[in-house]
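Data block below; observations after.
Nothing in this text is a laboratory measurement; each read-out follows from the coordinates by a stated rule. On a predicted model such as this, the values are computed, not experimentally measured, just so you know. Positions of Cβ are generated from backbone atoms using ideal geometry, with glycine treated the same way; all protein chains shown enter the neighbour counts.
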Amino acid sequence: MSVLAHVFEATGMATVALGSIRKQIESGAPPRGLWCDFPLGRPLGKPGDPEFQHRVLEAAFALLDSSEPVLAVFDQAIPDSGDEMLACPVPPHHDPDVHPAVDEARGLRAAYDRGMAMSDGRFGAGRVVDAADIPTAIEAFIRVAKGTDWKEAGIPGLPMRVSHDIRSYYETAALAMVDHAPAAWASTRWFYDQTETGKVMMAARQAMQEQNAPQPMWFYLTPGDR
C-alpha cells in the first residue's frame, strides 16, 4: 500500500497510509503514514466502536494538511496478549455415523446463518466453497489427515483457499453465539484449539507436509504461527 501511495501521489492524488506494523510502514515510507498499534486485521482498532474508529480516521485525515513526508503515531495502542481465546461452546455431537468434525460443522449452520445476517453477508464462506458444501470440504481434509494423497482427496479447490472458507464459516458462526466483539484472533485460536475441524486442519497440514506437497499448499492451511 505504501508503494501504491507513491504512485497515486505522483498523479496528484493525496494519500494517507495506515499501518499496524511499525517496521513495515517505516520501510515502505509512504508520503503520509499513520502507525496504529492495533492487532493485525483491525486497522481502525475497535469493532463496533464508531467513536473510536472516527478518532482514527480524523487522525489520518489530519495528515493531509502536511505537504512534507510524515509518519505519525496514533495516541492509543490496543495490545494483543496472543493467548486470549473466544469462550464459545460447540454444538453437542448428534450423528454418530459421521466424523465429529462433519457433525460439528452441520450443527453450526444455524449460528452461521445468524452471523451472516448480523454482518449483512459481508463475512463468511463463499470464496471457493459455499456454506452448504463446508461439511463436504471438511471430509476431504479428513481423508488427507488419514493418509490419502492431498491431490486425490477431493479438496474442492486450492487447499489454502478452501481452508480459509472453512475457518470463515466457523468464525462467523462463533460471532453469532457471543455477545461482544472478541479480541483479535481470539476466534481463530478457538477454532484451532477447541473445535474438531480445527484439529482436522492441523492434522491435514502435517500430513500434506509429510507428503512433500508444495509448501504454499500446506503451509497456508493455517496461520503462520501454527
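In degrees from 0 to 90, rounded to the nearest 10, what is the angle of the helix 109-118 Cα long axis to the longest principal axis of the chain? Between the helix axis and the principal axis of the chain, the angle is about 20 degrees. Taking other C-beta atoms within 10 Å as the exposure proxy, Leu34, Leu18 rank Leu18, Leu34 from fewest upward. Spacing of the modelled spin labels on Phe8 and Lys151, each 7 Å from Cα toward Cβ, amounts to 4.3 nm. Across all Cα pairs in the stretch 12-102, the calculated P(r) in 10 Å bins from zero up to the longest distance comes to 14, 36, 21, 11, 11, 6, 1 percent per bin.
Extent along the principal axes, Cα only, for the stretch 100-219: 42, 26, 25 Å, with the longest axis given first. Go from 0 up to the bin containing the longest alpha carbon distance in the chain, width 5 Å each, and give me the % of pairs per bin. Per 5 Å bin, starting at zero, the Cα-Cα P(r) for the chain comes out as 1, 6, 12, 15, 14, 13, 12, 10, 8, 5, 2, 1, 0, 0 percent.
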